[in-house]
1. For region 99-109, which positions are more than 15 Å from Arg142 (Cα to Cα) and assigned to a loop (DSSP other than H, G, I, E, B)?
2. Pairs under 7 Å by beta carbon, first residue outside the structural domain of Gly126 (by TED's automatic domain parsing) in region 87-102, partner of a type outside the set (D, E, K, R) and surrounded by 17 or more Cβ atoms within 10 Å (Cβ to Cβ), six or more apart or different chains?
3. Out of Glu86, Glu119, Glu90, Glu96, I need the residue that is of a type in the set (D, E, K, R) and not in a helix (DSSP H, G or I). Which one?
4. I want to confirm something. Restricting to region 180-190 and keeping residues that are crowded, with 19+ Cβ neighbours inside 10 Å and over 16 Å from Ala141 (Cβ atoms), which single residue is modelled with the highest pLDDT?
5. Restricting to region 70-125, name every residue that is under 16 Å from the mean Cα position of the chain (by Cα) and among the hydroxyl-bearing types (Ser, Thr, Tyr).
6. Which one of the conditions (1) in the same structural domain as Ser151 (by TED's automatic domain parsing); (2) surrounded by 13 or more Cβ atoms within 10 Å (Cβ to Cβ) does Ala78 fail to meet, given that it meets all the rest?
7. Could you please tell me which pairs satisfy a Cβ distance under 6 Å, a separation of 6+ or placement on different chains, a first residue in region 167-183 that is free of Cβ contacts under 8 Å to residues at least 12 places away in the same chain, and a second residue that is buried (at least 20 other Cβ atoms within 10 Å of the Cβ)?
Amino acid sequence: MSEEATILHADLDAFFASVAQRDDPRIRGRPVIVGSGVVMAASYEARAFGVRSAMGGDRARRLCPDAIVVEPDFAAYAEASRRVFELFRETAPAVEALSIDEAFLDVRGLERIAGTPSEIAARLRGDVRERVGLPITVGIARTKSLAKVASNEAKPDGLLLVPAGREPERAFLWPLPIERLWGVGPATARCKTRARCSARRAELPVACGRGRHACVGSCSAKASPQAPRCARQSCGRSLHRPSHRASCG
């Protein structure tokens, strides 16, 4: 495998809630819920109590009665996003926005002038923290899918490199619950779970250890060729399909 891990997935942490905490020092480090009717975002302090986005406000407040509820400030979000994306474009010539608070950056060919992908990512995280006042997590990998999974695993406020190569990529990806794969929704996850096979039967290099939940390794095409198509597609996309190699133009 000749490709290198040069794709960054940069994702602001609990974006709406982090902007609120940044702008009001009194609520920093405290559980914050954005939105009173339906939860639009929750700080990691609130998430520790089980609060999640799209949850009803009443339920969220029952789970976390000490949470501070703030109304959304879309002007502040737009301005913070604009400043962060300016930093993205200063960091890499190829940037692909996924949403207001996340993007892929392709840093191929920048090592001589900007350092390794890990050094570039670390510098980007510092710049976002210093110049915008927000925490950001970065995953680095050979493909978009892997980079996005890596950033999710590194949250909050972290950096994770998945080295390029079949073995290190499998070692990272296979033990994870199948739901961690980009694009796997509840219905597909249920299908994968029904089709899972044990680590012993599949002769996997890692055990899933996830109880009733399928892990990526148990649903890979090579580990379980008898699994139905829906139980193999995401693994193939994450590790093998060239269409998921980033082209961030």
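1. Those that are more than 15 Å from Arg142 (Cα to Cα) and assigned to a loop (DSSP other than H, G, I, E, B): Ile100, Asp101.
2. Taking only residues 6 or more apart or on different chains, not a single pair turns up.
3. When all the criteria are applied, what remains is Glu96.
4. Looking at residues that are crowded, with 19+ Cβ neighbours inside 10 Å and over 16 Å from Ala141 (Cβ atoms), I get Val184.
5. If the condition is that a residue be under 16 Å from the mean Cα position of the chain (by Cα) and among the hydroxyl-bearing types (Ser, Thr, Tyr), then Ser99 is the only one that fits.
6. (2)
7. Sorted first by the residue in region 167-183, then by its partner, the list stays empty.
Yes/no matrix, rows are residues, columns are (1) surrounded by fewer than 24 Cβ atoms within 10 Å (Cβ to Cβ); (2) among the acidic types (Asp, Glu); (3) closer than 28 Å to Lys144 by Cα:
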{"site": "Thr6", "(1), (2), (3)": "yes, no, yes"}
{"site": "Ala17", "(1), (2), (3)": "no, no, yes"}
{"site": "Asp23", "(1), (2), (3)": "yes, yes, no"}
{"site": "Pro31", "(1), (2), (3)": "yes, no, no"}
{"site": "Met40", "(1), (2), (3)": "yes, no, yes"}
{"site": "Gly50", "(1), (2), (3)": "yes, no, no"}
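The values are calculated or read from the model by the stated rules, or taken from the named source; none is laboratory data. Small disclaimer: the values here were computed from a predicted structure and weren't measured. All Cβ positions, glycine included, derive from the backbone under ideal geometry; neighbour counts span all protein chains shown.
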